[in-house]
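Okay, so here's the structure we're looking at.
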Amino acid sequence: MGFRVFASVLDLQSPGAQELRQSCSTRLTLLQMDLTKTEDIQRVLQHIQAHTNSTGLWGLVNNAGFNDTIADAELSPLGKFRTCMEVNFFGSLELTKGLLPLLRSAGGRIVTVSSPAGDMPFPCLAAYGASKAALSLVMDTFRSELQPWGIKVSLILPGYYKTGTTCDPAFWNLQKQQLLASLPQELLQAYGKEYVEEINQQFIQFMKVAVEDLSAVVNSITEGLLAANPAVRYYPGQGLGIMYFIHRYLPYFVRDLFLKGFFINPKLPRALRREHHNDVKKA
C-alpha cells in the first residue's frame, strides 16, 4: 500500500522472517527484537528514530503474544505468569512509550492485538489472560490520554486463529510433560496426573476450531491504521458477539458454564472425586 514498514522478528533466520523477505517489497525492513530484552528494544527504537525523525511515525502495531501454559492458575508456575507479562505487557508497553514522541509528531495510530481472554476468565488461561487484561487496560488508558495529541488507539480482540505453535499438539504435549515434572507432590496428589492429561486433551481437541485465514485480523489492523475514525475495539472471528453478550448481560454462572463448554471443562480434581473419598475411608 506504499508504506515503509519496520517489522520486528524474534529470529531473522526463522521461516516467518524468510517468508516476509520473499513476499514483501523493498519497503519492508526486518529488525531482530526480543521483547523481554531492553537492549533489543532500545536498538530497534534507535533504528526507527534514525529513519523517521523528519517524518514521524504513522502507526505502531503491537502484535506480540506468548503463552505456553494450559493449566489451572494454582498449577501454573509463577514464572509462567512473569514470562507472559514480560512479553505481552511490559515489552509492548516499553516499545509503545519509546515510540510515542514519533507518533505524537505524526498524529498517528496505535493498534494493539489483545485477546478476549483478557476480558473473560477462560479456564486454564490465567497467566495469558492476566497479561492481556493488563495490556488492554493500559492501551485503553493511552487512548484517553493521547486524544489531545491526535493519536487514535485501537484494540484488536480476535477469535482463535492458527498461528505459530498455538495448534501444534507435539508442542503442547511437551509443555504438559514439563508441567507435570515441575509440580509439587502435594499439588499433583490433589489434582491428579489424569486431571492435567484431560485438560491437555481437551485443548488439543479445541485446536480444531482454529481459523487459518488471518484476513479478518489483518483487515481490522489495516482499518485501525487507515480509517478516518477507527473503532476503539475490533472483534475479528466467529462467535465473539454471543460470547461478549453472555459476558456483559447474563449472570456469572452462565458465563462460566459457557466458557467451560466452549473451551475447556476438565473433570473434578482427584481429591474431590467420590471414588477418591471412598478409597480414603477404606484406608
Query raised in the report: Does the range 196-213 contain at least one residue that is open to solvent by less than 20 Å² (accessible area, probe 1.4 Å), assigned to a helix (DSSP H, G or I), in contact with a Cys (Cβ under 7 Å, 6 or more places away or on another chain) and modelled with pLDDT under 95?
Result: yes
Requested in this report: Would you be able to tell me the number of residues in the range 137-169 that are under 26 Å from T69 (Cβ atoms) and assigned to a helix (DSSP H, G or I)?
Outcome: 9
Requested in this report: Can you confirm whether the range 55-69 contains a residue that is free of Cβ contacts under 8 Å to residues at least 12 places away in the same chain and out of contact with any Cys (no Cβ under 8 Å at 6 or more places or on another chain)?
Outcome: no
**Report entry** Scan of the range 237-247 for residues that are out of contact with any Phe, Trp or Tyr (no Cβ under 9 Å at 6 or more places or on another chain) and either modelled with pLDDT of 95 or more or outside any helix (DSSP H, G or I) (or both), ordered by number
**Finding:** Q238, F245
Report task. Considering only the range 13-57, state which residues are under 20 Å from L102 (Cα atoms), part of a loop (DSSP other than H, G, I, E, B), open to solvent by less than 80 Å² (accessible area, probe 1.4 Å) and not aliphatic (A, V, I, L, M). Result -> G56
Report task. Could you grab me the full set of residues in the range 150-165 that are modelled with pLDDT under 95 and open to solvent by 40 Å² or more (accessible area, probe 1.4 Å)? Result -> Y160, K162, T163, G164, T165
Requested in this report: Working carefully through the options A231, A190, find the one that is open to solvent by less than 70 Å² (accessible area, probe 1.4 Å), in a helix (DSSP H, G or I), among the aliphatic types (A, V, I, L, M) and in contact (Cβ under 8 Å) with a residue 40 or more places away in the chain.
Outcome: A190
**Report entry** Residue that is least open to solvent (accessible area, probe 1.4 Å) [pool: residues in the range 251-263 that are in a helix (DSSP H, G or I) and touching a residue at least 12 places away in the same chain (Cβ under 8 Å)]
**Finding:** L259
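Here is a yes/no grid of residues against (1) assigned to a helix (DSSP H, G or I); (2) within 27 Å of K176 (Cβ to Cβ); (3) open to solvent by less than 20 Å² (accessible area, probe 1.4 Å):
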residue	(1), (2), (3)
D68	no, yes, no
A73	no, yes, no
S76	no, yes, yes
K80	yes, yes, no
T83	yes, yes, no
E86	yes, yes, no
S92	yes, no, yes
P101	yes, no, no
S105	yes, no, no
Query raised in the report: Within the range 109-129, is even one residue basic (K, R), in contact with a Gly (Cβ under 8 Å, 6 or more places away or on another chain) and not in a helix (DSSP H, G or I)?
Result: yes
Query raised in the report: Is it the case that some residue within the range 241-250 is over 30 Å from V61 (Cα atoms), out of contact with any Gly (no Cβ under 8 Å at 6 or more places or on another chain), among the aromatic types (F, W, Y) and open to solvent by 70 Å² or more (accessible area, probe 1.4 Å)?
Result: yes
Report summary line: Condition set more than 21 Å from K162 (Cα to Cα) and not in a loop (DSSP other than H, G, I, E, B), scope the range 214-228, selection least open to solvent (accessible area, probe 1.4 Å): answer is G224
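The values are calculated or read from the model by the stated rules, or taken from the named source; none is laboratory data. Because the structure is predicted, anything quoted here is derived from the model rather than measured. A quick note on method: Cβ atoms are made from the backbone with ideal geometry, for glycine too, and the neighbour counts reach across all protein chains shown. Keep in mind that these areas ignore ligands, DNA and RNA; they rest on the heavy atoms of the full protein, side chains included. Shrake-Rupley method; radii C 1.70, N 1.55, O 1.52, S 1.80 Å.
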